[in-house]
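Below is one structure, written out as structure tokens; comments come after it.
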Amino acid sequence: MTGDRFLSEPRRPLQLISGMAAEDALGPVMQVMQTAFDPMYGEAWNHSQTRSMLAIPLTHTIIAEMPLTTDASASGDPVGFSMSRRVGDEEELLLIAVIPRWRHSGAGSSLLTQVIDNAVDAGVRRILLEMRSNNPASRLYHKFGFRQIGLRKNYYKGLDSQFYDALTLELIL
Ligand SMILES: CC(C)(COP(=O)(O)OP(=O)(O)OC[C@H]1O[C@@H](n2cnc3c(N)ncnc32)[C@H](O)[C@@H]1OP(=O)(O)O)[C@@H](O)C(=O)NCCC(=O)NCCS
């Protein structure tokens, strides 16, 4: 499964930590959240929203950390995370993010591969997500086989007062 889905190797193998306790995940998730999202679209969650979502037992997080064998001062620093909500045999990918200086080196693909592998192991039949239509992340999702199943016109509003459509994507496992 992982071999089929994994598209590009990260420059150094990241540590992927699944199922971290909510109170331990909050710090790393917020650290990534602060730099990963373009403020133009207001898509980053605040501390309170994130803490509430992490506390729900149906929420699953994966934290990507710097490998312990590299620069000792940076070892264990969070590089990215995913957050999803699993209900029965469906999973919704709520957020996936990688800090800017680690982008385009496979970290996002590693996280998404792990999301999919964990979902398969849990008996999930499909993964859903909703994204702003002009988010370049769509290329990542399409590479993994997600396809569009819905469109919500003018669902997001940017700081530029422009409205952006939301796309619903699905991956059948
Ligand atoms: C989406 C995101 C997690 C991808 O992380 P990443 O570590 O750069 O992903 P990868 O290096 O594995 O890239 C995988 C593919 O995604 C595509 N891609 C991802 N981000 C892209 C971007 N900003 N521009 C263009 N293509 C992008 C590319 O096709 C890339 O494949 P390639 O390198 O072979 O061309 C990262 O860009 C991010 O954190 N974005 C901001 C947060 C966000 O919008 N998240 C998604 C909505 S919740």
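A short reminder: the numbers here are calculations on the coordinates, not readings from a lab. Since the model is a prediction, treat every value here as computed from it, not as a measurement. Neighbour counts run over all protein chains shown; Cβ positions are idealised from the backbone, glycine included.
Here are the numbers for the structure shown:
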item: Rough spin-label spacing in nm, given labels placed 7 Å along Cα→Cβ, for H47 and I149; result: 3.8
item: Normalised per residue, the volume of the convex hull around the Cα set of the stretch 2-127 (Å³); result: 113
item: Karplus 3J(HN,Hα) series, Hz, for the stretch 152-168 with 6.51 cos²θ - 1.76 cosθ + 1.60 (x for Gly, Pro); result: 10, 5, 6, 6, 10, 10, x, 5, 7, 6, 7, 9, 10, 6, 10, 9, 9
item: Positive-end residue, the chain charge dipole about Cα centroid, Cβ charges, pick of S161, S18, P100; result: S161
item: Unit Cα scatterers, Debye sum, the stretch 11-72: log10 I(q)/I(0) for q = 0.12 Å⁻¹; result: -0.35
